[in-house]
Amino acid sequence: MKLTAHTDFGIRILMSLAAAPETRLTIDDLARRHRLSEDHLRKVAQSLVRAGFAEGVRGRGGGLRLAREPADIRLGKVVRALEEDLALVACLGDQHATCIFTGACRLTGALGRALAAFLEELDGVTLADLVAPRQPIRARLGLAG
């Protein structure tokens, strides 16, 4: 399974926000620090705000901040919110009718269990876990202390 760039960037944004809770980071800051497109990060940030993981603050001194504590944000929920299609193969998604083996093979069940195990593992990881200790993450972001 491969996560989309949208989800990858979303996790990176959340990690950045968790490592610097005292700082509101702008899309420009994040794009520069991560060497990513501002336009793409803007879309990702909108998804994070819509899903309730981040808050956008407008105006002078504005930027993004976490909407809740890092320990309350589970990676599995982030992946579910940001990934548009978690179906590993067509028969697990909306295109099940395209497979001639639908209903006759055990692939669907095996892959369904694998996806469930993958997400269950991610549910056991919090955003706080990803940035502990914070100092190495802060250093990579170019933040003091």
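The values are calculated or read from the model by the stated rules, or taken from the named source; none is laboratory data. Note that this is a predicted model, so its numbers are computed, not measured. So basically every Cβ, Gly included, is an ideal-geometry build from the backbone, and we count neighbours across all protein chains shown.
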Legend entry - Within the range 102-142, considering residues that are within 13 Å of A20 (Cβ to Cβ) and of a type in the set (A, V, I, L, M), the one surrounded by the fewest Cβ atoms within 10 Å (Cβ to Cβ): A139
Legend entry - Extreme residue, surrounded by the most Cβ atoms within 10 Å (Cβ to Cβ), among residues of the range 58-80 that are in a loop (DSSP other than H, G, I, E, B) and either free of Cβ contacts under 8 Å to residues at least 12 places away in the same chain or in contact with a strand residue (DSSP E or B) (Cβ under 7 Å, 6 or more places away or on another chain) (or both): I73
Legend entry - From the options L64, L75, residue that is at pLDDT 95 or above, farther than 30 Å from A116 by Cα and out of contact with any His (no Cβ under 9 Å at 6 or more places or on another chain): L64
Legend entry - Answer from E55, E83 - the residue that is within 24 Å of A31 (Cα to Cα), surrounded by 13 or more Cβ atoms within 10 Å (Cβ to Cβ) and in contact with a Lys or Arg (Cβ under 7 Å, 6 or more places away or on another chain): E55
Inset, instruction - Determine if the range 89-100 includes at least one residue that is surrounded by 12 or more Cβ atoms within 10 Å (Cβ to Cβ), in a helix (DSSP H, G or I) and at pLDDT 80 or above. - result: no
Legend entry - Where A110 falls short, out of the listed (1) under 24 Å from I137 (Cα atoms); (2) outside any loop (DSSP other than H, G, I, E, B): (1)
Inset, instruction - Could you tell me which numbered condition V49 fails, if it satisfies all but one of (1) closer than 25 Å to D129 by Cβ; (2) touching an Asp or Glu at 6+ places or on another chain (Cβ under 9 Å); (3) aliphatic (A, V, I, L, M); (4) in contact (Cβ under 8 Å) with a residue 24 or more places away in the chain? - result: (4)
Legend entry - Yes/no for T7 being part of a loop (DSSP other than H, G, I, E, B), among the hydroxyl-bearing types (S, T, Y) and either closer than 30 Å to L115 by Cβ or at pLDDT below 95 (or both): no
Legend entry - Qualifying positions in the range 23-41 - surrounded by fewer than 15 Cβ atoms within 10 Å (Cβ to Cβ) and within 15 Å of the chain's Cα centre (by Cα): H40
Inset, instruction - From (1) closer than 25 Å to R32 by Cα; (2) touching a strand residue (DSSP E or B) at 6+ places or on another chain (Cβ under 8 Å), pick out the condition that doesn't hold for Q135. - result: (2)
